[in-house]
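Chemist: One structure coming up, written as structure tokens, with questions to follow.
The values are calculated or read from the model by the stated rules, or taken from the named source; none is laboratory data. These numbers were taken from a predicted model, which means no experiment stands behind them. For neighbour counting, all protein chains shown are included, and Cβ atoms are generated from backbone atoms with ideal geometry for every residue, glycine included. Calculation scope for accessible area: heavy atoms of the full protein, side chains included, ligands and nucleic acids excluded. Shrake-Rupley method; radii C 1.70, N 1.55, O 1.52, S 1.80 Å.
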Amino acid sequence: MNTLALEPSAAAPSPASPAPASGGFASPTVTLRIFGVGNAGVNILETLLHRGNAEADFVAIDAEAASLATSSAPAKLLLETKRSRGAGTNGDPECGRALAEEHLDALAESCRGAEVVLIVTGLGGGAGAGISPVLARVAKEAGDLVLACAVMPFDCESSHRQRQAQVCLDRLRALADGVVCLPNQQAVKQLDERTPLVDMYRAVNELLAEGLAGLVRLLTRRGLIPIHLSELCAVLRGRPAESLLANAEAHGPNRARDVIEKLFAHPLLEGGRALAAADTVIVSLNGGADLSMADVNRVREQINRQCESAQVLMGATVDPAFAERLNVTVMATR
């Protein structure tokens, strides 16, 4: 499994499929490849795959064979040597980095044909923390736009893992065009502390995947009110603080009001307090042909009211698949 044969995602539309109608309806704009790196990254990638995101190619990368064996990603890359034999990195980022350096050609091949690379990874262990910065560098050298979504450890994890995560986060920020830092602890605050660990991790993955699905739409869909990739990267580049990613959806005639209520109740936005503390907020709306200016204005007014001191970038996309629905993704950087 240490070589990679890239294939189209099973959920991806056929190249022969007709393009969506013009007149403002959403249409793919870039070739996006999403990499799940390390155990946490592969698990989040799996959740994204089950949500049916057809706009991207998916690649799972790990140093542990068992992690990849259960993944349904259409392309997988196991980084191993005769010494490691697919047994992992023992939590050592330097081992992960060395494995990545030994497989530069395979990493470069995995990036071939992409325009935008999105790296999804957890930074507490050895594979995600060690491989992700090398993959970011290889993708940049290939001429790709590189974004990363980095999941930080829970507070209950060791201070050693916390320090490892911070070092890798700094490396990623130096190499990628933009980094979204997702704190696991923030996602788990709203869960009952008696929740079984398996269910807790599953719930956190679902929350993160919801936000990432919205980010995928933002990256791959041409909007009536566009947010350009250059604007997105300018917001993320060089930020020393965390970026919170949240998504909510509502249906029916009161969807604009309802989606705002859901957003402000989202665990990652701390009841809206995260917006009040943010200095930059990106808002992406997705609706059907029935999306009205009143819907857009209601969302805009409520977001602006919540974060009066922040720079707000807002985009809106019309897609027939969202008829009678309003889906909003918010990324707040603080």
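Chemist: In what order, largest first, do Asp295, Asp199, Asp105 sit by accessible area if the probe radius is 1.4 Å?
Modeler: Output order, biggest surface exposure first: Asp105, Asp199, Asp295.
Chemist: Just add up the charged neighbours of Thr317: K/R +1, D/E -1, any other residue whose Cβ is under 9 Å from the Cβ of Thr317.
Modeler: +2
Chemist: While we're looking at this one, here's another question. Could you rank the peptides 278-290, 31-43 by their average count of other C-beta atoms within 10 Å per residue, with the highest value first?
Modeler: In descending order of packing, they fall as 31-43, 278-290.
Chemist: Given bins 5 angstrom wide, list per bin the percent of all Cα-Cα distances in the range 222-326, short to long.
Modeler: Binned Cα distances yield the sequence 2, 12, 23, 25, 20, 13, 4, 1, 0.
Chemist: Continuing with the same structure: Whenever you get a sec, line up His103, His251 from highest to lowest accessible area (probe 1.4 Å, protein heavy atoms).
Modeler: Sorted by accessible area, descending: His251, His103.
Chemist: Loop-only check: which GluC sites (Glu not before Pro) in the range 139-228 are DSSP coil with at most 14 other Cβ within 10 angstrom?
Modeler: Sites meeting the loop and neighbour criteria: Glu193.
Chemist: Could I have the simple spin-label model distance between Asp279 and Ser309, label points 7 Å from Cα toward Cβ, reported in nm to one decimal?
Modeler: With each label point 7 Å from Cα toward Cβ, the separation is 1.1 nm.
Chemist: If each of Asp258 and Glu231 carries a label point 7 Å out from its Cα toward its Cβ, how far apart are those two points in nm?
Modeler: Between Asp258 and Glu231, the label points sit 2.8 nm apart.
Chemist: Leaving out ligands and nucleic acids, and using a 1.4 Å probe, what accessible area per residue does the range 273-329 come to in Å²?
Modeler: 42
Chemist: Taking every DSSP beta bridge that has both residues in the range 176-334, what percent is antiparallel when rounded to the nearest 5?
Modeler: 70
Chemist: Once you put a point 7 Å from the Cα of Ala323 and another 7 Å from the Cα of Asp155, both along the Cβ direction, what distance in nm separates them?
Modeler: 4.7
Chemist: Just flag the GluC sites (Glu not before Pro) in the range 44-79 sitting in loop per DSSP whose Cβ has no more than 13 other Cβ atoms within 10 Å.
Modeler: When the GluC sites (Glu not before Pro) of the range 44-79 are filtered for loop state and at most 13 Cβ neighbours within 10 Å, nothing remains.
Chemist: Another one. Going 7 Å from the Cα of Leu224 along its beta-carbon direction, which residues of the range 277-319 have the amide nitrogen within less than 11 Å of the resulting point?
Modeler: 286-297, 316-319
Chemist: Could you grab the relative contact order for the range 223-334? Cα pairs under 8 Å, six or more apart, rounded to a whole percent.
Modeler: Answer for the range 223-334 is 43 percent.
Chemist: If R0 is 35 Å, what FRET efficiency do you get for Val167 and His251 from their C-beta distance, rounded to 0.05?
Modeler: 0.20
Chemist: Give the carbon-plus-sulfur fraction of the accessible surface of the range 254-334 in %, rounded to a whole number; probe 1.4 Å, heavy atoms of protein chains only.
Modeler: 45
Chemist: How high is the FRET efficiency between Thr81 and Glu206 when r is their beta carbon distance and R₀ equals 56 Å, given to the nearest 0.05?
Modeler: 0.95
Chemist: What do you get for trypsin sites (Lys or Arg not before Pro) in the range 112-218 restricted to DSSP loop and a cutoff of at most 14 other Cβ within 10 Å of the site's Cβ?
Modeler: Arg112, Lys189, Arg194
Chemist: Report the full-extension gain for the segment Ala265 to Val198: residue separation times 0.36 nm, less the Cα-Cα distance, to one decimal in nm.
Modeler: 21.8 nm
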